[in-house]
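S.K.: I am attaching a structure below and will ask some questions about it afterwards.
The values are calculated or read from the model by the stated rules, or taken from the named source; none is laboratory data. None of the values given here were measured: they were computed from a predicted structure. Neighbour counts run over all protein chains shown; Cβ positions are idealised from the backbone, glycine included.
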Amino acid sequence: MSALIELDDIEVHFKVRARRSAAPVTLRAVDGVSLAVERSQCLGVVGESGCGKSTLAGVLIGLTEPTAGRVRYDGRDVDTRRSKDVRRSIQMVFQDPVASLNPRRRVRSVLAELIDYHGLVPEAGMTSALNSLMEMVNLPPRVLEARPRELSGGQRQRVAIARALAVQPEVLVADEAVSALDVSAQATVVNLLADLRAELGLTIVFISHDLGIVRTLCDRVAVMYAGRVVEEGAAETIFTAARHPYTRALLRAAPDLYRPDAGRDAPALGGDPAGPST
Amino acid sequence: MTGTEPVIEIANLVIAAGRDGVTLVDDVSLHVDAGECLGIVGESGSGKSLTLRSVLGLLPPTLIRTRGTMRFRGREDEEPRPVDPRDLRGHGVSMIFQEPMSSLNPTMRIGDLVAAGPRAQGVSRRAAADQALSLLREVGVPDPEQRVRAWPHQLSGGLRQRVMIAMALSVEPRLLLCDEPTTALDATVQDQILTLVERLRAERGLALIFVSHDLSVIARVAGRTAVMYAGRIIEQGPTRALIENPRHPYTRGLIESMPQLHGPPVRLKAISGSPPTAGRLPSGCRFAPRCPFVVDACREVDPPLLSIGPHRASACLRQAELNDGGQS
Amino acid sequence: MSDLSLIKDDKEHTPRSLRRGNGKMAAGAVIFGLFILAALFAPLITTGDPAEQDLLNRLADPSSAHLLGTDQLGRDEWTRLVYAIRVDLRVAILASLIPAILGSLIGIIAGLGAKWLDTAIMRISDVVVSLPLFIFFIALVGLLGPGNGFLFLGPGELPLIIGFTLISWVVYARLMRAEVRRVRSMDYVRAAQSGGLPRWRVIVGHIVPNAIGQSIVYFFVDIGLAVVAISTLSFLGVGIPVGTPEWGAMIQSARTVMQTNWWLIAAPGAAIALAGMGLALIGDGLDDRIKS
């Protein structure tokens, strides 16, 4: 059987100049990534800043053009000029709950615009569609009349999820979607994503630096470092029997509530995480 | 070299938005001994950073300390004496911040930044430069001889944080205040910085107050922890005991909502609702509207932080029933 | 598990009067409003004809008949001062509005369009910025002449509006270009794009509304600057012809009697300053509102 999403040797290279006069340098943000996500699966993509995980998200939702490689959705090749329907099928939840909602629009107007444009429900059904979206993300319907600045971080992030769900997608790409939230709000949103996956059969690509959350939510994990996937496998394997030294270092560095001294005897990883290779 | 008497003692601190304004920090008392690290954990808006900043009088201009006393012990053999926050800046107390980029003056070289503290205290240019070099070496900046010539923007986030720590140490503080110093860093770099902070505490006998929203970071560095909620300390105790046997439902909720790296993966238990807005606190216990253990009495009295055993305190009416798990 | 927590209280619930910038905006609006009212009801609060001469009563002192006295031709100064609002504000508003609209459109094109287009627009704007303003106007008026008016415009007004449009669009274009470039990389724009909305809907519905704030602020400041510039040019003889009730021209013609009838200069001067200040206050207050 074939996967719902397949990334085949994806490369995203940027030409950058340090100064106007300098010769351009190629920045390999994503450097040969191949991944497959089955329908209704949750794939965790972990890594530190600059490892290319957010660039990869841009490729998935069709806003970043890969310099090489192929993206297949449901067996068909798709790129940045994908059809309205394919675009609708892969939605994203962004990291910053402040920047991800248009400050001048009420929640209702943002959601209704998308539903209306895609003609997903008849005119008369709009109100009930909006209400059921709010119910899906555990928000009271009066949030529809709110502007983003009247909402807390957790509420905004749930509105952002509602916006993604408004167009009835198959795949949700969450790029550090809970890392800007307080612990209790974080748990609420993580649980919401888990429920949505169970109820709607959503396929989720969960990009995060937080190993604990990835472990809670995902059944497969890909570890990225400097634009490459250095290890990939079933979540439990990664968390209990990681092979790659970087994965092990990441696990050792993650602070643990109950084992504050765990791994302290092992040598910590020195230096800084490598950025995109040039 | 744990001192028997605290380096700093803060009693009944109240911070408000103006004389009659909304109270943001309410009746907070704490103390830290030499060589000890006190962790303060809480969510955004809990007042943890304000409490920390008030030690050096670094509150935003619209906020004032309306009540509270602070006593500081400058030397081992000294008696603690009342102090004004401003007098502690550069004399006994230093602070490191979350954002190392905006906290370092971008127009000064690393060496000059670290030497600025000693220079201000009248140390000669030569001696200050030597001191800067050895401090940079102490905090683990590689190639300090070359790096003293570097500009802040040329360093990675982790190195900038090390430079900031070197600057903090340059005035030979007794107390180091840490305001989420690793929140903006990657996990592996955070690990390095936490190890460094630990080492400095042990080697220099520094007193530390470490503020974070992340209890697992606190668990790594702090021997004792205070949990803040809506401007109050609601539980306090040795960190291990507090995590293994929380005696306030909020602490318990905080722990249960955190994902774990060990044991079978479980669904997170979120705390329902969100923290109250300052100035619109519920009557009685401020956690009551979200508390799974709430009883009628909780909505009538605002429970004070009471001692519940050696070094432990809780502000929950039902703390005894929470002992060793309780029923959830 | 449902979360029925209250929507966070915020600015929306603070009384309007307490919001930042409202004091400045109110003060500015009162000043600007008084000017507009005076211009609209000019016939009711003046003698009614700014051109009416009373040659027997030249350079009269202020009195109940002539609030601000009369000028060298015996025209009522107060009447001329009020009728000048019509000229000055009409020209100033048009000389700001037209470049605001054109410049903003150009800025949107530069910010979101092809790279060569952006480069071309920016180079043209560099050239415009380097023009010496007064020489440019003297040349322009020399070329066009003051003319006899156009539609509802009086003599000398059209060349001024054309001149300002040719120069001021640059500020709006640059402001708008910078703002749309900032906004277009915001997550909510990416979200709208990934929601499949067509390009024009993303631009009109999500980018422009969030990018236009600074241009609106500048628009109000710009009207004030235009009032000052128009009266200055008229004073120098390259704007509205002397004889028209216009503040700069009035100062110009009263120059010779400055020693004795100083108020003939002070009154239009104060009007210029007050109009400029009122508009700057509106802009400043709006700016505070946008930023808070």
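S.K.: Would you mind finding the one in A:Gly32, A:Gly47, A:Gly52 that is in contact with a helix residue (DSSP H, G or I) (Cβ under 6 Å, 6 or more places away or on another chain) and on the phi > 0 side of the Ramachandran plot?
M.R.: Of the residues listed, the single one that is in contact with a helix residue (DSSP H, G or I) (Cβ under 6 Å, 6 or more places away or on another chain) and on the phi > 0 side of the Ramachandran plot is A:Gly47.
S.K.: Taking the stretch C:173-189 as the search range and keeping residues that are within 14 Å of chain A (Cβ to nearest Cβ) and of a type outside the set (A, V, I, L, M), which one is surrounded by the fewest Cβ atoms within 10 Å (Cβ to Cβ)?
M.R.: This residue is C:Ser185.
S.K.: Just to be sure, is B:Gly284 in contact (Cβ under 8 Å) with a residue 12 or more places away in the chain, in contact with a Lys or Arg (Cβ under 6 Å, 6 or more places away or on another chain) and crowded, with 18+ Cβ neighbours inside 10 Å?
M.R.: yes
So that you can scan it fast, the table gives a plain yes or no per residue for (1) buried (at least 19 other Cβ atoms within 10 Å of the Cβ); (2) touching a residue at least 12 places away in the same chain (Cβ under 8 Å); (3) assigned to a helix (DSSP H, G or I):
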{"residue": "A:Val110", "(1), (2), (3)": "yes, yes, yes"}
{"residue": "A:Asp116", "(1), (2), (3)": "no, no, yes"}
{"residue": "A:Met126", "(1), (2), (3)": "no, yes, yes"}
{"residue": "A:Ser132", "(1), (2), (3)": "no, no, yes"}
{"residue": "A:Glu135", "(1), (2), (3)": "no, no, yes"}
{"residue": "A:Leu139", "(1), (2), (3)": "yes, yes, no"}
{"residue": "A:Gln157", "(1), (2), (3)": "yes, yes, yes"}
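S.K.: If you don't mind, another one. Looking only at residues in the stretch A:171-185 that are over 16 Å from B:Lys269 (Cβ atoms) and charged (D, E, K, R), which one is farthest from the chain's Cα centre (by Cα)?
M.R.: Out of the qualifying residues, it is A:Glu176.
S.K.: From the list A:Val59, A:Val78, which residue is in contact (Cβ under 8 Å) with a residue 40 or more places away in the chain, aliphatic (A, V, I, L, M) and buried (at least 19 other Cβ atoms within 10 Å of the Cβ)?
M.R.: On inspection, the qualifying residue turns out to be A:Val59.
S.K.: For B:Pro173, work out the one condition from (1) surrounded by fewer than 18 Cβ atoms within 10 Å (Cβ to Cβ); (2) in a loop (DSSP other than H, G, I, E, B) it doesn't fulfil.
M.R.: Failed condition: (1).
S.K.: Let me ask something else. Any chance you could count how many residues in the stretch A:29-44 are surrounded by fewer than 19 Cβ atoms within 10 Å (Cβ to Cβ) and assigned to a strand (DSSP E or B)?
M.R.: So the count comes out to 3.
S.K.: Tally the residues that are over 20 Å from A:Val230 (Cα atoms) and not hydroxyl-bearing (Ser, Thr, Tyr), restricting the search to the stretch A:1-37.
M.R.: Going through the stretch A:1-37 one residue at a time, the tally reaches 14.
S.K.: I've got another one for you. Would you check which residues across the stretch B:242-288 are facing chain A (nearest Cβ under 10 Å) and over 25 Å from the mean Cα position of the chain (by Cα) and list them?
M.R.: Scanning the stretch B:242-288 gives B:His262, B:Gly263, B:Pro264, B:Pro265, B:Val266, B:Arg267, B:Leu268, B:Lys269, B:Ser272, B:Gly273.
Conditions (1) at the interface with chain C (Cβ under 10 Å from one of its Cβ atoms); (2) within 24 Å of A:Ile207 (Cα to Cα); (3) among the hydroxyl-bearing types (Ser, Thr, Tyr), marked per residue:
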| site | (1), (2), (3) |
| --- | --- |
| A:Arg82 | yes, yes, no |
| A:Ile90 | yes, yes, no |
| A:Leu101 | yes, yes, no |
| A:Arg104 | yes, no, no |
| A:Arg108 | no, no, no |
| A:Val121 | no, no, no |
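S.K.: Quickly run through the stretch B:66-121 and pick out the residues that are under 25 Å from the mean Cα position of the chain (by Cα) and among the acidic types (Asp, Glu).
M.R.: B:Glu76, B:Glu78, B:Glu79, B:Asp84, B:Asp87, B:Glu99
S.K.: Checking the structure you have, find out if any residue of the stretch A:46-60 is of a type in the set (D, E, K, R) and away from chain B (no Cβ under 14 Å). First the steps, then the outcome.
M.R.: First, the residues of the stretch A:46-60 that are of a type in the set (D, E, K, R): A:48, A:53.
Next, only the ones that are away from chain B (no Cβ under 14 Å) stay: none.
Within the stretch A:46-60, not a single residue is of a type in the set (D, E, K, R) and away from chain B (no Cβ under 14 Å).
S.K.: Does B:Arg204 satisfy the condition of being under 20 Å from the mean Cα position of the chain (by Cα), outside the structural domain of B:Ala166 (by TED's automatic domain parsing) and among the charged types (D, E, K, R)?
M.R.: Taking the combined requirement at face value, the residue satisfies it.
S.K.: For the stretch A:130-147, indicate whether the set of residues that are among the basic types (Lys, Arg) and within 11 Å of chain C (Cβ to nearest Cβ) is non-empty.
M.R.: Yes: one or more hits.
S.K.: Please state which of the following conditions C:Thr46 fails to meet, knowing it meets all the rest: (1) in contact with an Asp or Glu (Cβ under 8 Å, 6 or more places away or on another chain); (2) of a type in the set (Ser, Thr, Tyr); (3) modelled with pLDDT under 80.
M.R.: Just one mismatch for C:Thr46, condition (3).
To keep it simple, each residue is scored yes or no on (1) at pLDDT below 95; (2) outside any helix (DSSP H, G or I).
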position: C:Ile93; (1), (2): no, no
position: C:Leu102; (1), (2): no, no
position: C:Leu105; (1), (2): no, no
position: C:Ile109; (1), (2): no, no
position: C:Gly142; (1), (2): yes, no
position: C:Gly147; (1), (2): yes, yes
position: C:Arg174; (1), (2): no, no
position: C:Tyr188; (1), (2): yes, no
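S.K.: Could you look through the stretch A:148-164, keep only residues that are within 7 Å of chain C (Cβ to nearest Cβ) and of a type in the set (D, E, K, R), and pick out the one that is nearest to A:Ile204 (Cα to Cα)?
M.R.: A:Arg163
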